[in-house]
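Novice: My questions all concern the structure below.
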Amino acid sequence: MRKMMISAIFLILTFIFTETSYSQKYHTTSSRALKAYKMGQTAFDYIDYANAEHFFSQAIQADGDFCEAYLMLGELMAKQKRYNEAALNYQKAVRLDSLAWPQVFFALANSELYSGDYSRALVHYKVYLEQKNTLEKNRELAEKNIKNCEFAITAMKNPVPFNPESVGEGINTADDEYWPSITVDGQTLMFTRQTKPDKSNQGRSNYSQEDFYISYLRDRKWQNAVNAGAPLNTDQNEGAQSLSSDGTYMYFTACGRPGGLGSCDIYFSALHDGKWSMPVNLGSPVNTPYWETQPSVNATGKMLFFSSNRPGGSGGKDLWYSVYKQNGKWSVPKNLGKTINTSGDEISPFIHFDGRTLYFSSDGRPGMGGLDIYFSKMDDDTTWSEPVNLGYPINTFNDEMGLTIESGGQKAYFSSQREANEGKNIYTFQLYDAVRPDPVAYLKGNVTDKMTGKMLIADYELVNLSTGKTIVSNLTDDNGNFLVCLPSGFNYGLSVSKKGYLFYSENFTFEGKHSAMEPFIKKILLSPFRVGEKMLLSNVFYEVDSWQLKKESLTELNKLCTLLKDNKQLKVEISGYTDATGTDEHNLQLSEKRALSVVDYLVENGVPAGRLSYKGYGNTSPVGDNITSEGRKLNRRTEVKIIEYSEN
């Protein structure tokens, strides 16, 4: 959108100066000033901006009332995004002759808008709209920017809390650092660094270079960032990455690569043994012959948001999303719709770890003038709430983008050029309450062999028992570790399994006591197949004082079916236990019937009855105190015990 405005300014001034040249009438009688001015025009046409500025300045020194020189100097500054200087030169030209080129009020107002002088910009946009013979396209932009000015003036009178702090020397350097992404535990920060060209050498090093860097948090301080290395980083540019919640894989943008589908495509890479894999183009239908970039993957890895100018959008760049299907492929992307997307540009999506709060940048709705950051909440039907501007001074007349928010929802990371003599750096600030996402905690687990202590690569699955939906299903890393972020307030079932081992299961409720600062940490011991080994069926539930299985039990019982079918050498006993509530006789009968109900389910689902036995133990072997509700809950359990096992 901003490029369109700059192009419009250039067209206006080209028309102005063509007419002026034709009539050969200038606001100067100084031959020295006119000579310097024409030399400046030649340099400007050849995009030699340094000499153009030199000659236009010489023309003004020769004649301080030379309107055309001020106008061209204003155009030159605007092209270099030196909007404050552009506005000053346009203002001088208007003061010298406000009637000679009334169309220039549009260029003046744009420069004032992009330098934050909203009151003057508002006046000059209105003056421009009073002119005759103006371009309809520019009139539409002027009307739009009047709304921006009005919004900005109000926003500046009502600033939001904002106190950014640098993330430190371990990350920020004299080069540009931007596009931060952070893991759910807040311990790993990946970002893009653009190194300056080395003018002392010849060849490729004369170009700026974008690469990924990683820093780790130690003792509340970000350590010196390290280059992510090959094959992730190349001699081409990589950027706009989205790191998975556990830091084991990422999506990013690369442009113009061999085998690419469009100008810019989205790529995938995974972390193995401390090294990133060879990046893979996601291919169709995510990538197209158009522009796909700035991916953001949700915490479960099942939804991928990105920006694209593909057909079917609202105009400009739109936000889209794709869903990862069970067949291992991404679905045909869907447009986020007109609640989010506008006729302008929507870019830089970030989906928070809560899975429903989206932050993005847009220049298509009332804002501070450039790209502003907004947020919206997704409902269960994937519709979105009306976007809310994060406010001033988070948003300014500059382009704001690339916001990332840690799992607790309080701390935000972003990049900005805060000082004119510095590049972009990464900053952090406390996000004010009204625009925070839902806080998310995380489960951090480690899986080892119960007998040897050896770290195991195992399958783990987490199910939301309240909804029956699988939250995540994945493998631990090489050290047996896994990390999953979880919205609070739900009941979850955890299952960990590996060939040759009894599986582990547990259920728990994530509540406010588990925060990002105090995660739920589990040390999981898997028991290898051996006679006498036991396995707790934590996610098998019964109706109160009944042996009727609840539907929440089916996921775990099906896992047990699979385990027994895949390991025909196993014979097991299903053991039932109760708490001490009620008589011993009642508890013994109840525990036996509950064990039998599990056996019946297994037989109905294809497990031979000859490999199964059952027994009720009542309240004879408590593992809890039988006094508190938590203790009694532990005592009400179903176990599986290996009674016969042959490796042959």
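Bear in mind that the values in this text are calculations on the coordinates, not laboratory data. Model, not experiment: these values are computed from the prediction. Cβ placement follows ideal geometry from the backbone for every residue including glycine, while neighbour counts extend to all protein chains displayed.
Novice: Neighbouring Cβ atoms within 10 Å as the yardstick, rank His272, His27 fewest first.
Specialist: If I rank by nearby Cβ atoms, fewest first, I get His272, His27.
Novice: What distance in nm separates the two pseudo spin-label positions at Arg95 and Lys615, each 7 Å out from Cα along the beta-carbon direction?
Specialist: Taking the simple label geometry, Arg95 and Lys615 are separated by 10.0 nm.
Novice: Right, another one. Within segment 170-435, count lysine pairs with alpha carbon atoms under 13 angstrom apart where the residues are 8 or more positions apart or belong to different chains.
Specialist: 4
Novice: Need the C-alpha centroid separation for segment 525-561 versus segment 78-149, integer Å.
Specialist: 72 Å
Novice: Let a ≥ b ≥ c be the square roots of the eigenvalues of the Cα gyration tensor of segment 361-474; is it rounded (a/c under 1.5), or, if not, prolate (a/b larger than b/c) or oblate?
Specialist: Oblate, since a/c reaches 1.5 and b/c is not below a/b.
Novice: Still on this structure, I have one more. Points 7 angstrom from Cα along the Cβ direction at Glu136 and Ala434: gap in nanometres?
Specialist: 3.9 nm
Novice: State the Cα centre-to-centre distance between segment 384-421 and segment 234-285 in whole Å.
Specialist: One Cα centre to the other: 25 Å.
Novice: Let me ask something else about it. What distance in nm separates the simple spin-label points at Lys38 and Tyr645, each placed 7 Å from Cα in the Cβ direction?
Specialist: 9.7 nm
Novice: Which Cys residues of the chain have no other Cys beta carbon under 4.7 Å away?
Specialist: Cys67, Cys149, Cys485, Cys561 - these cysteines have no disulfide-compatible partner (Cβ-Cβ under 4.7 Å) in the chain.
Novice: Using just the helices of the chain, give the 222 nm mean residue ellipticity in deg cm²/dmol: DSSP H runs with n ≥ 4 each add -39,500 (n - 2.57), and the total is spread over all residues, rounded to 500.
Specialist: Working: 11 runs with 163 residues, N = 648.
Theoretical 222 nm ellipticity from helices: -8000 deg cm²/dmol.
Novice: Let me know the whole percent of all Cα-Cα pairs from segment 170-435 that are separated by more than 31 Å. Spell out each step's value before the answer.
Specialist: Values: 7444 of 35245 pairs.
Cα-Cα pairs in segment 170-435 separated by more than 31 Å: 21 percent.
Novice: Now for a different question. If each residue's Cβ is checked for other Cβ atoms within 10 Å, how do Lys126, Lys157 rank with the fewest at the top?
Specialist: Starting with the residue having the fewest Cβ neighbours, the order is Lys157, Lys126.
Novice: Less than 12 Å from a label point 7 Å out along the Cα-to-Cβ axis of Met278: which backbone N atoms in segment 219-237 qualify, by residue?
Specialist: 231-232
Novice: What FRET efficiency, computed as 1/(1 + (r/R0)^6) with R0 = 45 Å and r the Cβ-Cβ distance, is obtained for Glu506 and Glu169, rounded to the nearest 0.05? Don't skip to the end; give the middle numbers.
Specialist: Numbers: r = 43 Å, r/R0 = 0.95.
After rounding to 0.05, the efficiency reads 0.60.
Novice: Which whole-number value in Å³ per residue fits the convex hull of the alpha carbons of segment 2-157?
Specialist: Details: hull volume 16.1 nm³, N = 156.
Spread over its residues, the Cα hull of segment 2-157 gives 104 Å³ apiece.
Novice: Can you tell me the orientation of helix 67-79 relative to the chain, as the angle in degrees between its alpha-carbon axis and the longest Cα principal axis, to the nearest 10?
Specialist: 20 degrees
Novice: Shifting gears a bit: Need the full-extension length gain, Asn464 to Gln589, defined as separation in residues times 0.36 nm minus the C-alpha distance. One decimal, nm.
Specialist: 41.9 nm
Novice: Would you calculate the volume per residue, in Å³, of the smallest convex hull containing every Cα atom of segment 492-648?
Specialist: Dividing the Cα hull volume of segment 492-648 by its residue count gives 122 Å³.
Novice: For Gln569 and Gln548, what does the FRET efficiency come to when R0 = 25 Å and r is the distance between their Cβ atoms, rounded to the nearest 0.05? Spell out each step's value before the answer.
Specialist: Details: r = 32 Å, r/R0 = 1.27.
Plugging the Cβ-Cβ distance into 1/(1 + (r/R0)^6) gives 0.20.
Novice: Now for a different question. Which of rounded, prolate, oblate describes segment 24-91, given a ≥ b ≥ c as roots of the alpha-carbon gyration tensor eigenvalues and a/c under 1.5 marking rounded, otherwise prolate only if a/b is larger than b/c?
Specialist: oblate
Novice: How much space per residue, in cubic angstrom, does the convex hull of the C-alpha atoms of segment 214-349 take up?
Specialist: Each residue corresponds to 135 Å³ of Cα convex hull volume.
Novice: Length gain on complete extension for the stretch Lys81 to Thr452, per 0.36 nm per residue less the alpha carbon to alpha carbon distance?
Specialist: Gain in length upon complete extension: 127.1 nm.
Novice: On to the next question. Between Gln61 and Met156, what is 0.36 nm times their sequence separation minus the Cα-Cα distance? Round to one decimal in nm.
Specialist: Gain on stretching Gln61 to Met156: 30.4 nm.
Novice: Report the far tail of the P(r) of segment 85-190, meaning the percent of Cα-Cα pairs longer than 23 Å. Numbers along the way, then the final one.
Specialist: Numbers: 2748 of 5565 pairs.
Considering segment 85-190, 49 percent of its Cα-Cα pairs are separated by more than 23 Å.
Novice: Debye calculation, C-alpha points only, no solvent: report log10 I(q)/I(0) for segment 555-627 at q = 0.17, 0.22 Å⁻¹, in the same order as the q values.
Specialist: Rounded to two decimals, the profile gives -0.66, -0.90.
Novice: How far is the Cα center of segment 323-338 from the Cα center of segment 22-67, in Å?
Specialist: 56 Å
Novice: Hey, got a sec? Which GluC sites (Glu not before Pro) in segment 587-648 land in a DSSP loop and have at most 11 other Cβ atoms within 10 Å?
Specialist: Answer by residue number: Glu647.
Novice: OK, next. Treating the Cα atoms of segment 322-371 as identical point scatterers in vacuum, please give the log10 of the normalised Debye intensity I(q)/I(0) at q = 0.13, 0.28 Å⁻¹, two decimals.
Specialist: Cα-only, vacuum Debye calculation for segment 322-371: -0.42, -1.13.
Novice: Can you compute 3J(HN,Hα) from phi for each residue in segment 397-403, using the Karplus curve 6.51 cos²θ - 1.76 cosθ + 1.60 with θ = phi - 60°, rounded to whole Hz and x for Gly and Pro?
Specialist: After applying 6.51 cos²θ - 1.76 cosθ + 1.60, I find 6, 7, 7, 9, 6, x, 7 Hz.
Novice: Which entries of Lys550/Lys593; Lys38/Lys144; Lys469/Lys551; Lys81/Lys137; Lys565/Lys633 show an alpha-carbon separation above 24 angstrom in the structure shown?
Specialist: Lys38/Lys144; Lys565/Lys633
Novice: Classify segment 439-528 as rounded, prolate or oblate from the Cα gyration tensor: take a ≥ b ≥ c as the square roots of its eigenvalues, call it rounded if a/c is under 1.5, otherwise prolate when a/b beats b/c and oblate if not.
Specialist: It comes out prolate by the Cα gyration axes.
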